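To keep things clear, I will list the structure first and then write my remarks on it.
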Amino acid sequence: MAPPSAILEGQAFAPGSSAPHRANLHLNGGQVFLIDATAETVLLRCQRNEVRLDPPVGNSPRNVHLAEGWLFQTQAPGASALLDEQLRSRLLRHFEQFHPRLFAVALAAVLAAVAVWKWAIPVLVALAVWMTPATLKQQIDRGTLQSMDFAMAEPSQLSEAQQAAQHRIFATLVTASGLDPETVNLQFRDLPGMGPNAFALPGGTVVLTDALVTAYPEDTALIAGVMAHELGHVAEQHGLRRLYQSLSLYILVAMIAGDVGPILDNLTLEGQTLLNLAFSRRHELAADTYALRLLDQTGYDSAGLTRFFADVAKYDGANWTSSHPLSKDRIKNIEIYNQRR
Amino acid sequence: MEQQQFEFRGNAREWFGIWIVNILLSIVTLGIYSAWAKVRTKKYFYQNTWVAGRNFDYHATGKQILKGRLVVIAAIFVYALLSAVAPPLAVLMLLAYLIFIPVLVKNGMVFNARNSSWANVRFNFEGQTGEAYKVMLGLPIVVALTAYTTFPFLARAVQRFGINGHRLGKTAFHFESDIGPFYKAFLLAVVFFAAIGGLLGILVFQLFAQAAIVGDLGALQVMIAVIYVVALLLGAFAVVLYQSMIRNHVYANTTLGANHHGFRSTVTPGAMLWLAVSNALVVASTLGLMLPWAQIRAQRYLAANSTFLINGSLEEFTGEIQDPTNAIGDALGDIEGVELGLAM
C-alpha cells in the first residue's frame, strides 16, 4: 500500500534557527516536501523515512523533525495518523486524556502504590536482609562501635565481677534463643547522658550502658528482660530492616512526588520521618513480645521488664514523635501476654 | 522597546492525566519508567512555555536519564557498603565526590542546556571548569570561614557563572550587578527569620517554662516538635522571600546578545509566599491529588511575571545542534539533585 498523500499546515524553522516560516508539509507517497506558504518555494525535499514525529505531549503543537535538522510545527488534527505516531505514544496519550477512564487510572495508581507499600517493599526488604552477608553485618557492628567510641562512648567502668554476672545471664538467654553464640556478643560502655539503656546492632552485638548495670545491681530479672528485648531486635533483624525500609520509602516518595516545590518538600520529609518512627515503635513491641517468650523459656520473671518500663516512663513524650512506644502501652502488652499464657 | 510576555499554556486537567499515568507506570515498573516520566514532565512544561510566539522544548531521552540514575544508585550502594565495612574509605569516597562536584554540576548544566531549545535553536553552556571550581569550592570555603557574612558574593558569583555561561545558539547571555541588591535580599531574609523566629521563641519559651513547672513531659515534647516545624516553615518562608527578590534583580540585570535584549521579572514576595503556603495546604489536604493543579498554578504565576524586552527588533538567533552524548557525559549528564540554584 502506498503511503498516503496529504498536506499539513504549520510553521517551519531552518536548522538551528529561531525564525519561523509559515509553511506546509506535503506528503506525497515516499517523498516529502516542505513548502514556504508565503513565497511558495521549496524549503526542503526529503524521503518519508527522514521524517520523525516527536512523541506528542498534551495539546502543544506537534514537533516534526525533518532531514538536516529542519523543524516543522503543526496543530493539524491528522498529524498523528499521517506521520505514523508510534503505538506506544498513542496509547500513552489515550490513557492520559481527561476522561472518566482517568479515574480508573488514578485508582490503579493508588492501588499500585498501596500494593508496593504493603507487599513489594516488605518483600524487597526481606530479600535485602536475607542477602546481606553475615560478615558485612559484623563489620557494621565493628564500624558502629568504633565511631561510637570515637565520638561519645567511654570505656566501661564496671568491675570484672559485675561484667561476669551480666555475661552469665546473657549466655543463658542466648542458649535458649537458638541464636548463634559465635556472632551474638555482649559489650559494656559508659555512655554519659544516655542513662540506663541498652541497644542492639545488626550483627548481633548487644551493648549495655554502665548506668543500666549499676542502677539495678540486684535485679537480674530486669537485666534479663532488657537483654532478651535486645536479642529480639537481633533475632528479627530490626536494625537492617529499618535501614532498608527507610531507604526504599525515600526512593518511593522521591519517585512519586518528584519536584514538589518549597514548603511541600519539607512536609514530605517530615512525613517520612514520622512513618519511620511508626516502624520503629512496631519493632519495639515485636522485640518485647520476643523477650517475653524467651524469659518464659529461661524462667526469668517478666515482672523485671515491667519494673524497667515503669522506671523509664518518666522519659515518655508524645507517642507519634517517639521512636519507642509509651511505657504504659508496653506494660499493657506484657499484661496481655501474661493473661493469654 | 517591544515587550513580549512569557506565557504558560498548560492546564491542570491535561497535566493531571500525564502526571497520574507517569506515576502508575513508574510504580508498576518499580521505578524504571520514572526516567521516561521525567522527560515527559519536562517536555510538557517546556513545550507549554511560550514567548514571542515560539515555545521551548526538551530533547533528552529516557534512556539517558536512566543511565544517570543507575550511576547514582551504584555510587550510593558502594558508599553505603564502604561506610558499613570501612568507614575511613567511605569518608575518602565522600571527599573525592566533593572534589568532583563542580565538574559534575558543570556537565549537568551542559547536558541540560544542549537538550533544551527555543524555536529550533538549542541552548548551550560554555562555563569554564576553573570558574566552576571557584564558584562551588573556593568561594563556599571563604563564605564558611567568614561565618556567612560574605554569602551575597557567592550568590552573585553563582548567577554570573550560570547566566554568563549560557548561550541561545551562538548568542550569549550576560549578567552583571553590584553587590548591594544581593546584600539587601540576604539581610532582609535573615532579619525576617530572626525577628519572627525571636518573637515566637519568646512565646514558646514562656509556655515551656510553665510546662516545666507543671512537669508535663508529654506537652513539652509536643512543644519541641511544634518549635521544630515552625522553625522549618519560617526557614522556608525566608528562602521564598529571598528567592523572589533575587529573581527580580537578576532578570533586570540580564541581557541577551549584542543588541542587549532585556528581561523583567515582577514577582512579589507576598504573592510567592501565598502561592507556596496555599499550594502546600491544598496538596496536603488532598493527599497529593491536587499536586498537578498546584504545579500549573505556580508555573502560570512565574510566566505571567516574566517579560522579554526586545531592544529594537528581534533578530534571528542561530546555532548548531551540538551532540551532547558521549558515553560518560551521557551517564553523568543529568544527576538528580546535583545542580546550581539559578534564578531562572
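Put the Cα centre of segment A:21-97 next to the Cα centre of segment A:200-220 and the gap is 73 Å.
Tell me the trypsin sites (Lys or Arg not before Pro) within segment B:20-125 that lie in a loop according to DSSP and have at most 11 other beta-carbon atoms within 10 Å. Present the calculation step by step, with values, prior to reporting the outcome.
Values: sites: B:K38, B:R40, B:K42, B:K43, B:R54, B:K63, B:K67, B:R69, B:K106, B:R114, B:R122; in loops: none.
Those that pass, being in a loop and sparsely packed, number zero.
Given only helices, namely DSSP H runs of n ≥ 4 each adding -39500 (n - 2.57), what is the per-residue ellipticity at 222 nm of chain A, to the nearest 500 deg cm²/dmol? Intermediate results must be reported in sequence, preceding the final value.
Values: 12 runs with 178 residues, N = 341.
Value at 222 nm, helices only: -17000 deg cm²/dmol.
For a straight C-alpha distance cut-off of 30 angstrom, the lysines reachable from B:K170 (same-chain residues fewer than eight places away being disregarded) are B:K38, B:K42, B:K43, B:K63, B:K67, B:K106, B:K134.
A rounded overall shape is assigned to chain B, the ratio a/c of its alpha-carbon gyration tensor axes (a ≥ b ≥ c) being less than 1.5.
When we measure straight from the Cα of A:K314, which lysines land under 20 angstrom away, once same-chain ones fewer than 8 places off are left out? Here the lysines satisfying the reach criterion relative to A:K314 are A:K328, A:K332. Rounded to the nearest 10 degrees, what's the angle between the helix B:34-47 long axis and the longest principal axis of chain B, both from Cα atoms, 0 to 90? Once rounded, one gets 70 degrees. Per residue of A:243-251, other chain Cβ atoms within 10 Å of the residue Cβ number 1 on average.
Roughly how tilted is helix B:87-114, in degrees to the nearest 10 and between 0 and 90, from the longest Cα axis of chain B? Roughly 40 degrees between the two axes. Neighbour counts of C-beta atoms inside 10 Å place B:F153, B:F125 in the sequence B:F153, B:F125, starting with the fewest.
Helix A:327-340 and the longest principal axis of the Cα set of chain A meet at an angle near 70°.
Segment A:274-315 and segment B:3-63 have their alpha-carbon centroids 50 Å apart. Note on the protein assembly as shown: the C-alpha convex hull projects to 36.7 nm² when averaged across all orientations. With K and R counted +1 and D and E -1, the other residues having a Cβ less than 11 Å from that of B:N11 yield a net charge of +3. The orientation-averaged projection of the convex hull spanning the C-alpha atoms of segment A:132-340 amounts to 13.3 square nanometres.
Note on segment B:135-153 and segment B:260-314: Cα centroid distance 30 Å, given to the nearest whole angstrom.
Look at B:W118, B:W19 and count the other Cβ atoms within 10 Å of each Cβ; fewest to most, that gives B:W118, B:W19.
Antiparallel DSSP bridges in segment A:98-220: what percent, to the nearest 5? About 50 percent, rounded to the nearest 5. Relative contact order for segment A:132-340: what is it in percent, counting Cα pairs under 8 Å that are at least 6 residues apart? After rounding, I find 19 percent.
In peptide A:165-178, how many Cβ atoms from other protein chains are near each Cβ within 10 Å, on average?
Details: counts 0, 0, 0, 0, 0, 0, 0, 0, 0, 0, 0, 0, 0, 0.
Partner-chain Cβ atoms within 10 Å, mean over residues of A:165-178: 0.
The residues neighbouring A:A287, those whose beta-carbon lies less than 13 Å from its own, together hold a net charge of +2 under the Lys/Arg +1, Asp/Glu -1 convention.
For peptide B:7-18, compute the average count of partner chain beta-carbon atoms within 10 Å of each residue's beta-carbon.
On the way: counts 0, 0, 3, 4, 3, 1, 5, 7, 4, 4, 12, 7.
Average neighbour count from other chains, rounded to a whole number: 4.
Since every read-out is calculated from the coordinates, none of them should be taken as a lab result. The structure displayed is predicted, hence computed values, not measured ones. Note that each Cβ is placed from the backbone with ideal geometry, even for glycine, and that neighbours are counted across all protein chains shown.
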